[in-house]
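Q: Next up is a structure, given as structure tokens.
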Amino acid sequence: MSNTKEVFKPNKKFAQNARIKNMCEYQALQDFATEDYEGFWGGYAKEKIDWIEPFTNVMDESNFPFVKWFEGGKLNVSAQCIDRHLDKRKNKAAIIFEGDRGDKQVITYLELYYNVNKFANLLKEDFGVKKGDRVVIYMPMIPEAAYAMLACARIGAIHSIVFGGFSAEALKDRIEDADAKIVITADGAFRKEKPYMLKPVVDAAIDEKSPVEKVLVIERNNEDVEWVAGRDYSYNELIKEKSAKCEAEVMDAEDPLFLLYTSGSTGKPKGVQHNQAGYILWAQMTMEWVFDVKENDTYWCTADVGWITGHTYIVYGPLAMGATTVMFEGVITYPDAGRPWKMVEEHRINQFYTAPTAIRVLHKMGEHEPANYDISSLKVLGTVGEPIDPPAWKWYYEEVGASKCAIVDTYWQTETGGHIVSPLPGATPIKPACATLSLPGIMGEILDPQTGERVEVGEKGYMCVTKPWPSMIRGVWGDEERFVKSYFGDVKKDGKAVYFTGDGAVYDEDGYITITGRTDDVINVSGHRMGTAEVEASIKKHPNVAEVAVVAKPHAIKGEGIFAYIVLKSDDGVADEVEEVKAINEVIKKEIGNIAICDDMVFVSGLPKTRSGKIMRRILRAIAKNEEITQDISTLEDPSIVKKIQNMVRK
Ligand code: WTA
């Protein structure tokens, strides 16, 4: 828990010009939302969104958890992000791109408008994409990834981005689940000055049974790739002919905008669905409140568009508010740990948003690097994706922020669409490694899962949101039951189901919220969310694996690492442990991708199971951490297995 004695007040000068200037203003907003929830949201929706037709109803929760926001309203998200800025900002930089090798590109709002329109026309005319069609995007961090997203939004297609680090198998599963006829990819891109490839992964993900009919390839690194005639098309060729004018499709407020697959506690990833108006409203409002980006500011979020942070806080949020957003293709520590600070200096970046893993690596590799650059332009520093530890927070605050920048520890998830708990940089006194308070409009509460009551100070409970909010997940693609069960099955308040995040949290005496991590079988490796069941299912594909259990183990840099306990089929032991580990990791790479490779793998003779066959993961977690086993193990089918496993691990 955070040390409540250490509190840092907002920078006075910054606060004077901030959108929310002090805690009274924060409280007034939160009181307004509490007293008149629909008035609060309806007012902001009217003010912030360029409606084609106004909405007639703010929120309909009569069919909870299937909730509708801003019904009757019609809009287009790409027009919200681009067209409406053209009067005032046509020559303002919308995207500043920096490539891995230092190549730079500035795309103004007017250029963005033309590029997105051309892209949208290409999808419509050459690929026959229509409103409601699913389009899978498997792309590196280049501006065309943003064009592709916005082009889909322009014509009402539903994009589903798959992170470029996922394997062909993982991509195939996601393509099939979404039944996508189109894939947009690139030949590859650059990493550490060397080309790497994506197109061959797409080729491997498409077989005869695949729903994919056409593949659009953006030529980025110009390496040789195979072309399947009649299926694969060059973006660089087709785009030349396209008209730069494409009417924005008129969308209903609750039409789907995108799917994004994320891990849950079962093997199959869930296609989290977000819809138009509620999502874009909260993306824009949180950009304005949490990063407090001003008209001339330059904002940089280091995430990848393959994750929700890249969706909401590289593309949709910044562009919806008319900001300048930086996109970076490369690796943050390449050529050295001064790279991000060099970029801050060169682009005069004002808001910098990254993950605790990156902060820990930059701290470790270049503790004093920030001092080698002029990074005085920085005003707000953000962190997201996993719990941050106080030493990393302190370094970020002191060395990067020169003890004058606010740190916004933003807590949220794929399912929440945007931040839900976070400091406001001009208002909230901050404490190291603490996400602080629910944002105005968000009814976040830490509840006791048994009683549904708010937990006492210092007592661990479940992080919940007790009222639907506009950017809340609208469904799990093709699986209504899973949607209801995954998020609204665990906690009831006053007899009514509430949204449960899957995270544990505690209050301190100021009512501040500290997130303690997942309560389910989800591991967070470097901010990448992975289900233990997903990793286990991939390991089981190795022919010699009989049983496997995967748990998280604390990791100094990555936050959490993956620890696998494996029972092999052949009982003559492991002939060559190193080879076996390599072979199993190869299977993981093929099934999921490099991001799921295990940090530790131990071969054991059995797993601790109850008599009904349930694996006791708590015991395995304790062994991985080298902790004492405090749990009663007499109920295990074979209690002696615990000692045996401990001996194998300590070996
Ligand atoms: C974790 C990423 C602590 C949490 C935006 C959540 C955090 C999961 C924080 C969502 C934070 C995210 N402090 N933990 N500031 N932000 N998390 O869906 O466990 O990739 O449930 O969304 O990351 O991961 P996701």
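The values are calculated or read from the model by the stated rules, or taken from the named source; none is laboratory data. This one's a predicted model, so the numbers in the text were calculated from it and none came from an experiment. All Cβ positions, glycine included, derive from the backbone under ideal geometry; neighbour counts span all protein chains shown.
Q: Identify, by number, the condition in (1) assigned by TED's automatic domain parsing to the domain that holds THR451; (2) within 16 Å of the ligand (Cβ to nearest atom); (3) not polar (S, T, N, Q) that VAL484 doesn't meet.
A: (2)
Q: Follow-up. Any residue at all in the stretch 454-461 that is in contact with a Ser or Thr (Cβ under 6 Å, 6 or more places away or on another chain) and either buried (at least 23 other Cβ atoms within 10 Å of the Cβ) or within 18 Å of MET285 (Cβ to Cβ) (or both)?
A: For the stretch 454-461, residues in contact with a Ser or Thr (Cβ under 6 Å, 6 or more places away or on another chain) and either buried (at least 23 other Cβ atoms within 10 Å of the Cβ) or within 18 Å of MET285 (Cβ to Cβ) (or both): absent.
Q: Give the stretch 423-468 a look and list any residue that's among the β-branched types (Val, Ile, Thr) and not in a loop (DSSP other than H, G, I, E, B), or say none.
A: The answer is ILE430, THR436, ILE446, VAL465.
Q: Conditions first: (1) in a strand (DSSP E or B); (2) under 25 Å from the mean Cα position of the chain (by Cα); (3) over 23 Å from ALA168 (Cβ atoms). ALA564 passes all but one, so which condition is the exception?
A: ALA564 satisfies all of (1) in a strand (DSSP E or B); (2) under 25 Å from the mean Cα position of the chain (by Cα); (3) over 23 Å from ALA168 (Cβ atoms) except (3).
Q: Just to check your reading of the model, which residue among ILE375, ILE407 is modelled with pLDDT of 95 or more, away from the ligand (no atom under 16 Å from the Cβ) and closer than 23 Å to PRO10 by Cβ?
A: Every option except ILE375 fails the conditions.
Q: May I ask you to list the residues in the stretch 126-154 that are part of a helix (DSSP H, G or I) and either more than 28 Å from LYS104 (Cβ to Cβ) or hydroxyl-bearing (Ser, Thr, Tyr) (or both)?
A: Within the stretch 126-154, TYR147 is the sole residue that qualifies.
Q: Out of the residues in the stretch 411-439 that are surrounded by fewer than 24 Cβ atoms within 10 Å (Cβ to Cβ) and under 27 Å from GLY366 (Cα atoms), which is farthest from the ligand (Cβ to nearest atom)?
A: Among those that are surrounded by fewer than 24 Cβ atoms within 10 Å (Cβ to Cβ) and under 27 Å from GLY366 (Cα atoms), it is PRO432.
Q: Of the conditions (1) within 12 Å of the ligand (Cβ to nearest atom); (2) not in a loop (DSSP other than H, G, I, E, B), GLU399 clears all except one; give me its number.
A: (1)
Q: Looking at ASP448, ASP494, ASP503, ASP508, can you tell me which residue is surrounded by 20 or more Cβ atoms within 10 Å (Cβ to Cβ) and of a type in the set (D, E, K, R)?
A: Checking each option against the conditions leaves just ASP503.
Q: Follow-up. Only one of ASP336, ASP374 is touching a helix residue (DSSP H, G or I) at 6+ places or on another chain (Cβ under 7 Å) and not in a helix (DSSP H, G or I); which?
A: Checking each option against the conditions leaves just ASP374.
Q: If you don't mind, there's one more thing I want to ask. Can you spot a residue in the stretch 155-170 that is touching a Phe, Trp or Tyr at 6+ places or on another chain (Cβ under 7 Å), surrounded by 22 or more Cβ atoms within 10 Å (Cβ to Cβ), closer than 16 Å to ILE107 by Cβ and modelled with pLDDT of 95 or more?
A: no
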